[in-house]
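The values are calculated or read from the model by the stated rules, or taken from the named source; none is laboratory data. Predicted model only: the values in this text are computed from it and were never measured. All Cβ positions, glycine included, derive from the backbone under ideal geometry; neighbour counts span all protein chains shown. Quick note on the areas: whole protein, heavy atoms, side chains included, nothing else; ligands and nucleic acids left out. Shrake-Rupley method; radii C 1.70, N 1.55, O 1.52, S 1.80 Å.
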Amino acid sequence: FNAFRSFNYPVLASAGIHIKYNNVQIHTHGTPHELEPHYLLDTNIAILKLFPGIQENVVAAILATKGLKENVVATMLGTKGLKAVVLETYGSGNAPRKEWFLRRLHDACEQGIIIVNVTQCSAGTVEMERYETGYQLMQAGVVCGYDSTTESAVTKLMFLLGHDYPPAEIRELMGRPLAGEITV
């Protein structure tokens, strides 16, 4: 049951013989309505988990697929390319300060790939303005994911890309809660 634990938000329910809901903490939109499943999802997303000593060839391989600008041609040919990356950084959003790393991220963003910065930590939030490395990521075009989990960021990107939101709007929406997924 710990697989569904959110360290940045109070417990929504406890499961045992019975499920006990913490209704005060459950995000609702007022009037109850039926579940509306969404099927328009775009899975052209990668996760790049940083680790000490990560090499340029590893980052290059993940970012090597075609960006959104080339996807017009790719769509006509029936192929798809990378559209977004969830970048798992250290602590409050820190990453290597190596020139090649920042250049690779910048180039990917210029190609139309949306890169969202989330923390690898189980609790806490990304604060890109706090340290120099986070600020450099912002300068490269990386978007802050705040306290979004990796899974939440992937799902949100899949939804937004699947509904054909333009890249600029996706970047803006990643910084706003749509269904209580971030606590900004």
For the chain, the dipole about the Cα centre with charges only on Cβ (Lys and Arg +1, Asp and Glu -1), to the nearest 20 debye, works out at 320 debye
FRET efficiency estimate (nearest 0.05) - Cβ-Cβ, GLU172 to SER122, R0 35 angstrom: 0.80
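Once you sort the root eigenvalues of the Cα gyration tensor of the chain as a ≥ b ≥ c, which label holds: rounded (a/c under 1.5), prolate (a/b larger than b/c) or oblate (the other case)?
Working: a/c = 2.15, a/b = 1.38, b/c = 1.56.
Oblate, since a/c reaches 1.5 and b/c is not below a/b.
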Which order do peptides 41-54, 129-142 fall in by mean Cβ count within 10 Å, highest first? 129-142, 41-54
Among beta bridges assigned by DSSP with both residues in the chain, the antiparallel ones amount in percent, to the nearest 5, to 25 percent
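Heavy-atom accessible area per residue, the chain, 1.4 Å probe: how many Å²?
Values: 11320 Å² over 184 residues.
Using a 1.4 Å probe on heavy atoms only, each residue of the chain averages 62 Å².
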Lysine pairs in the chain with Cα atoms under 24 Å, if 8 or more residues apart or on separate chains: 15
Where in the range 94-112 does the amide nitrogen come within less than 17 Å of the point 7 Å from the Cα of GLN55, taken along Cα to Cβ? 100-101
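For the range 91-184, what % of the accessible area comes from carbon and sulfur atoms, probe 1.4 Å?
Details: 2210 of 4340 Å².
Percent of accessible area from carbon and sulfur atoms in the range 91-184: 51.
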